[in-house]
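To start, the structure under review is shown below, and the notes come after it.
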Amino acid sequence: PAGHAIALLVITGLFGHLCGNVVFQWSLGIIGLVLAVPLTLGTMIATGAFLGHRFLREHVSGATIISVILLILAVFVLSLGAGEANARVVVDESNRQVIHPVSVWILVSGVAAACLAGCAYSLLGAAIRYSLGQRLSLPMILGVVSLVGLISLALLSLINPGLEEILQTDNQDLCYMFYAGIWNAVGFLALAKALNQTSLIHVNALSATQVGMTVVAGLLLFDEALTWMTAIGVGLTILGLLLMRNRADPRSPGTNHDTATSSLPT
């Protein structure tokens, strides 16, 4: 079982890094921070509820179902607001973003990319929780997923844009990426620890705080547009996440290993 869990971590880790991190970063440049994060988070909650109930045998209450419906509705509303909120990340001399309209298909691709990232993150979260139930240690899980990401993304970067282009990266940008990497590692450690303490559905629900923080960051730091559709969609996302958070099943693999790990296919 431990070998199967490691193999599952490698597969979902690769999917999470390539279809999660890389695709999510691309979507940010198309639909902006204000839309990309709620879309990713909403999809992650919806797929997490399905994976938690179907494969990890976590309890899904009526309130959870209602919250998932609200999240799906929020994804739809936010998608309608993508055209108005679109702001390509191009900085002018005043260091402020300027709006560059793009085709409908690019916008649809940006929305789909954010949703795909949510699915990838949810699959990785389910694999981490399953692996914890198989008695894999937290350092082992973090090491496997991080190593998969390091190797895959390093190879991808060497292919495009290439080593020569990488070496020309500005020192300030390298500094930004360094600090972002530190905080990303802290967040990943906190996520894995949370998955060891409570259900996948509950952990995803607690991520509701990201919505408010990213909306504020997108509006204040990057001058992204706030439309009525965006405001309604974000509001529905927060409502759905809060409803799920209040009613989510708090059981953890530490107290219920059998039901949390017995049915995930490997």
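Take Ala194 and decide whether it is touching a Leu at 6+ places or on another chain (Cβ under 6 Å), closer than 23 Å to Gly52 by Cβ, hydrophobic (A, V, I, L, M, F, W, C) and surrounded by 12 or more Cβ atoms within 10 Å (Cβ to Cβ).
no
Could you go through region 45-53 and let me know if any residue there is modelled with pLDDT of 80 or more, of a type in the set (Val, Ile, Thr) and under 22 Å from Gly240 (Cα atoms). Taking every residue of region 45-53 in turn, at least one turns out to be modelled with pLDDT of 80 or more, of a type in the set (Val, Ile, Thr) and under 22 Å from Gly240 (Cα atoms). Of the numbered criteria (1) under 19 Å from Tyr121 (Cβ atoms); (2) in contact (Cβ under 8 Å) with a residue 40 or more places away in the chain, the one Arg135 fails is (1). Within region 113-153, track down each residue that is within 19 Å of Phe50 (Cα to Cα) and exposed (fewer than 15 other Cβ atoms within 10 Å of the Cβ). Hits for region 113-153: nothing passes.
Return yes or no: is Met229 out of contact with any strand residue (DSSP E or B) (no Cβ under 8 Å at 6 or more places or on another chain), at pLDDT below 75, buried (at least 16 other Cβ atoms within 10 Å of the Cβ) and aliphatic (A, V, I, L, M)? In short, no.
Of the residues examined, Ala117 is one that is among the small types (Gly, Ala, Ser) and modelled with pLDDT of 85 or more.
The values are calculated or read from the model by the stated rules, or taken from the named source; none is laboratory data. In this text the structure is predicted, and so the values were computed from the model without any measurement. Virtual Cβ from ideal backbone geometry, glycine too; neighbours counted across all protein chains shown.
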